[in-house]
Structures are given as C-alpha cells and as structure tokens.
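This report concerns only the one structure given below.
The values are calculated or read from the model by the stated rules, or taken from the named source; none is laboratory data. Remember, it's a predicted structure, so these values are computed and weren't measured experimentally. Here the Cβ is made from the backbone with ideal geometry for all residues, glycine too, and neighbour counts use every protein chain on show. For accessibility, only protein heavy atoms count, side chains too; no ligands or nucleic acids. Shrake-Rupley method; radii C 1.70, N 1.55, O 1.52, S 1.80 Å.
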Protein chains: 2
Amino acid sequence: MAEEVKLIGAWASPLSRRIELALKLKGIKYEYIDEDLPNKSPLLLKYNPVHKKVPVLVHNGKGISESLVILEYIDETWTHNPILPKEPYHRAVARFWAKFIDEKILQTALKIGSAIAEEKEKLIEEVHHDLKLLENELEVKEKEFFGGLEIGYLDIAAFFIGHWLQVRQEVMEIELIHEEKHPHLCKWLAKLLKIDVVHGCVPPKEKHIAFMKARIEAAKFSSK
Amino acid sequence: MAEEVKLIGAWASPLSRRIELALKLKGIKYEYIDEDLPNKSPLLLKYNPVHKKVPVLVHNGKGISESLVILEYIDETWTHNPILPKEPYHRAVARFWAKFIDEKILQTALKIGSAIAEEKEKLIEEVHHDLKLLENELEVKEKEFFGGLEIGYLDIAAFFIGHWLQVRQEVMEIELIHEEKHPHLCKWLAKLLKIDVVHGCVPPKEKHIAFMKARIEAAKFSSK
C-alpha cells in the first residue's frame with residue numbers, strides 16, 4: 001500500500017515549519033495543505049477536534065497533533081536519519097529544552113504583541129534571559145548544532161528563532177536576539193540557515209513581515 | 001557500579017506522585033527526598049536550575065526535570081514493564097492526552113482557587129468539558145485503563161485525578177468530576193485506586209486536605 005502522508009499547516013505558523021523541516025530532513029514525500037485559519041477546514045476539524053490548530057500530520061488516515069508529539073511520531077515511524085539523540089539522558093535534555101522553548105520563549109514572545117510599555121520591557125528581558133539559558137546548551141558543550149555535528153530534534157524545535165522570532169522583532173522594532181547577548185545562538189542560526197533544506201522551510205520574508213504586522217495590529221485592536 | 005536513583009519531590013505535588021508511581025511500577029529502588037518548597041534545597045537548585053521545581057530525578061549524578069520528560073526517561077532507561085505503548089500512533093495519542101492534561105486540565109483546575117464567582121463557574125465548566133474529552137479515550141475504545149488491560153503512561157499522567165483533583169474539589173466545595181458526567185472516568189478511577197502500588201502513592205487524605213486548604217487561603221490572600 002502506498003503511504004499517504006499529509007501535513008495540514010499554515011505557511012506563517014512556526015510550529016508548522018517545524019514539521020515541514022522534519023519531513024524534509026527524513027526525505028518523506030507528503031502533500032502539504034495550507035489552512036486558512038480564520039476559516040478552518042472540515043479536514044482540520046476532523047483530525048484535530050480538540051484544539052482545532054495546525055500543524056496536523058495525517059498518516060494513512062490517522063491524525064497526529066501537537067508539533068513536538070508529531071516530531072516524536074515521525075522519528076519513531078521513519079527511523080532513518082534519526083532526529084532525537086540515541087541516549088536516554090540526551091533525549092531527556094532535548095525534550096526538556098523543546099518544552100522550555102514552547103512554554104516559555106514562544107509564549108513570552110507572543111505576549112509582547114499586546115503588552116503595555118513597562119510590561120513589554122519586562123517581557124523582552126525575559127526572552128533575552130531565556131534565550132541565554134538556551135544558548136548555554138550550545139556554549140557549554142561546544143556544539144555545532146544542538147544535535148551535535150548534525151541538526152536534530154532541538155534544532156528543529158528552535159528553528160523558529162531563524163524566521164518567526166526574527167521577523168517579530170523587526171516588525172515590533174525591538175531586539176529579542178542579538179549578537180552581543182547571544183553570540184553562540186547567532187552563530188548557530190547563521191550555520192543553520194545556510195543548510196539548503198532548512199533555508200527552504202523559511203517563509204518568504206516580505207510576505208511574512210506584512211502578515212505579522214497585520215496580526216499584531218489586529219491583536220492590539222481586539223485587546224482595547 | 002551500583003545505580004544511584006534519587007527522586008526530589010514534594011508529598012502533595014501531583015507531578016511528584018506521578019514519578020513515584022512510575023518507579024514503583026518498574027520496581028526501581030530509589031531514595032526519596034521530600035523538598036520543603038518554601039525553602040528550596042541546594043540539591044533542587046543544582047539539578048533544576050531553570051525551573052527550580054519538583055519533581056527531579058537524579059540518576060547516577062544526572063538530573064532530569066519535567067514530569068512527562070522523566071516518565072519517558074524512566075521508560076527508555078529501564079525497558080522492562082513498558083509504560084508507553086509500543087506502536088508510534090498509540091504513543092502519539094498517549095503523549096497528546098498527557099500534554100492536554102498538564103496544559104489544560106491541571107492549569108484550569110489551578111486557576112479556580114483564586115478566581116472570582118462568574119469566572120469560577122466558567123472554569124469549572126471547562127474542567128467538566130475537558131475531563132469529558134479525556135474520558136472519551138476510555139469510552140470509545142472500551143478500555144479498562146488508558147493503557148489497555150494494564151496501566152501505562154496516560155494512566156500515570158491522569159492519576160492525579162484520584163488524589164489532587166478529588167481533594168481540591170472537596171476543599172473548595174465544588175464538583176469537578178462526578179459519576180453522572182464522567183461515568184467511565186469514575187469507573188477507571190475506582191479500578192485504578194484498588195491497585196496496591198497506585199494506592200500506595202496517594203498522599204494521606206486528611207493531611208492533604210489540611211495542606212490544600214492552607215494553600216488556597218494563602219493564594220486568595222496574595223491575590224487581594
């Protein structure tokens with residue numbers, strides 16, 4: 001039976017980009033379905049009825065949701081070119097930081113959009129601090145990538161820093177990541193984005209900027 | 001070399017109970033260190049410098065934090081009596097719901113403590129609804145336990161319903177889980193708590209009630 005692999009995503013969603021990158025690194029053929037999030041499709045609602053969010057991987061008719069859960073599924077289903085490290089302790093460390101990225105860095109960066117002045121400063125400081133903690137993982141271990149000599153699970157989880165976070169800081173005219181504060185993270189980012197398959201998963205910059213400007217304006221408006 | 005396994009936990013912490021249960025189900029000998037959370041020990045700060053939270057598993061001098069990450073580590077390190085299902089899809093489903101429990105059910109139940117009247121009603125409804133979604137996993141598949149015929153990863157993740165959530169509803173004089181709304185979950189709970197090793201991980205009820213009353217009062221006071 002021919003395998004059916006579909007990815008329901010959204011082009012500007014950092015979590016969708018993650019799954020595209022993992023599938024491409026594994027060389028898995030898939031059909032990409034771009035979701036219009038304000039008008040969610042019956043397909044999305046069928047396969048992720050609980051959260052109604054992208055990304056969703058549909059593999060031979062079965063839906064898998066939550067980007068970090070999908071990454072584990074991809075690695076367990078197509079076992080070539082492993083994404084996760086081999087040793088249980090290294091796997092735990094990678095999972096710890098991926099969870100930290102999603103629950104702390106991404107969430108704090110999202111809050112900046114609708115925050116008032118003083119609160120905004122505090123949130124920016126928090127992102128600086130959390131990115132510093134993350135970069136220690138590279139510095140202390142003198143690694144090329146979080147995955148070691150090649151990119152892996154944590155590089156994929158942190159990949160949004162190279163598009164979503166950088167576009168966000170440009171649009172909001174703030175500095176979330178910068179060379180002086182995060183030299184190792186910036187070096188990592190430069191190396192990461194030079195890899196063809198990674199570069200190919202970055203959304204078109206001008207389109208991304210215009211999209212995010214509109215989103216942040218809409219969020220400000222709705223929070224008034 | 002003799003294995004050194006330490007669990008830094010707190011007796012009333014639902015996430016610490018999770019790890020105790022997993023270690024006991026695997027029959028792993030460990031030293032339990034109960035943490036006084038208002039006065040965090042140098043040991044906790046050493047092994048979980050990022051979040052400074054329990055539980056932390058220390059295995060041969062290496063610390064692993066975040067309860068769901070620890071469960072995966074335990075299952076990968078001591079591979080007998082597997083906790084996670086075998087098939088990638090079933091593993092993904094279990095991970096999806098464990099994440100749902102931590103990010104939705106636990107967080108919503110926590111918010112009820114300091115919520116004002118109308119908000120409280122809404123949060124209670126949300127817990128009802130989310131527990132219903134969770135119980136569909138038992139109902140639709142006509143399972144004894146989330147793990148099938150025996151308890152597994154998702155049973156361990158959901159185990160807090162049998163102590164923390166039930167004590168919480170008693171202390172707050174509200175109904176979060178009840179037989180009419182969640183018949184399958186209540187049946188699952190009754191079966192789960194009859195298992196000796198599970199029962200042995202439940203904190204002493206009267207002590208737990210007194211502790212939670214004090215915590216909720218303190219939270220009300222600090223939010224005023």
Taking B:H178 in one copy and the same position in all the others, each labelled 7 Å out along Cα→Cβ, what are the pairwise distances from the first, in nm, shortest first? 5.7
Sites A:S41 and A:H90 - FRET efficiency at Förster radius 30 Å, r taken between beta-carbons, to 0.05: 0.20
With each pseudo-label sitting 7 Å past Cα toward Cβ, what's the A:F211-A:Y32 distance in nm, one decimal? 1.0 nm
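Expressed as a whole percentage, what fraction of the accessible surface of segment B:88-214 belongs to carbon and sulfur atoms when a 1.4 Å probe is rolled over the protein heavy atoms? It would help to have the intermediate numbers written out before the result.
Details: 3250 of 6130 Å².
Solvent-exposed carbon and sulfur of segment B:88-214 make up 53 percent of the total.
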Taking the square root of 5λ for each eigenvalue of the C-alpha gyration tensor of segment B:157-217, the equivalent ellipsoid has semi-axes, largest first and in whole angstrom, of 20, 16, 7
Run through all the Cα pairs of the protein assembly as shown and give the fraction in each 20 Å bin from 0, expressed as whole percent. 23, 58, 19, 0
Along Cα→Cβ, 7 Å out, is where each label goes; now give me the distance between the ones at B:A190 and B:H178 in nm to one decimal. 1.7 nm
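Please return the longest stretch of chain B lacking exposed loop sites, where GluC sites (Glu not before Pro) count only if DSSP places them in a loop and at most 16 other Cβ atoms lie within 10 Å.
On the way: sites that count: B:E3, B:E4, B:E142, B:E144, B:E150, B:E173, B:E175, B:E179, B:E180.
Answer - B:5-141.
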Can you send over the solvent-accessible area of B:R168, 1.4 Å probe, protein chains only, in Å² to the nearest 10? 20 Å²
For the interface of A with B, what's the total buried accessible surface in square angstrom, probe 1.4 angstrom, rounded to the nearest hundred? 2200 Å²
Quick one: if the Förster radius is 30 Å, what FRET efficiency do A:E170 and A:E76 give, using the C-beta to C-beta distance and rounding to 0.05? 0.20
Name the residue from B:P88, B:A210, B:A158 whose Cα lies farthest towards the positive end of the charge dipole of chain B, charges +1 on Cβ of Lys and Arg and -1 on Cβ of Asp and Glu. B:A210
Computed about the Cα centre, the charge dipole of chain A from +1 Lys/Arg and -1 Asp/Glu charges at the Cβ has a magnitude in debye, to the nearest 20, of 560 debye
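Of A:K143/B:K6; B:K99/B:K213; B:K132/B:K187; A:K62/B:K99; A:K99/A:K191, which ones are farther than 21 Å apart at the Cα?
On the way: A:K143/B:K6 29 Å; B:K99/B:K213 27 Å; B:K132/B:K187 13 Å; A:K62/B:K99 19 Å; A:K99/A:K191 23 Å.
Over 21 Å Cα-Cα: A:K143/B:K6; B:K99/B:K213; A:K99/A:K191.
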Among B:L45, B:L7, B:G27, the residue whose Cα sits farthest towards the positive end of the charge dipole of segment B:1-154 (+1 at Cβ of Lys and Arg, -1 at Cβ of Asp and Glu, taken about the Cα centre) is B:L45
7 Å along Cα→Cβ for the label point: how many nanometres lie between A:G27 and each equivalent label in the other copies, listed shortest first? 4.4
In straight Cα distance, which aspartates and glutamates are under 12 Å from A:K29, not counting same-chain residues fewer than 8 positions off? A:E3, A:E4, A:E20
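Can you give me the relative contact order of chain B as a percent, contacts being Cα pairs under 8 Å and 6 or more apart?
Values: 255 pairs, mean separation 45.3, N = 224.
That works out to 20 percent.
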Can you give the charge dipole size of segment A:5-77 about its Cα centre, rounded to the nearest 20 debye, using +1 on the beta carbon of Lys and Arg and -1 on the beta carbon of Asp and Glu? 100 debye
Please calculate the 1.4 Å probe accessible area of A:K53, with all protein chains present, and give it to the nearest 10 Å². 130 Å²
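As an exercise, use a Förster radius of 35 Å and the Cβ-Cβ distance of B:E4 and B:V140 to find the FRET efficiency, rounded to the nearest 0.05.
Working: r = 43 Å, r/R0 = 1.22.
Computed FRET efficiency for B:E4 and B:V140 comes out at 0.25.
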Centre separation in Å (Cα based) which lies between segment A:73-143 and segment A:1-53: 22 Å
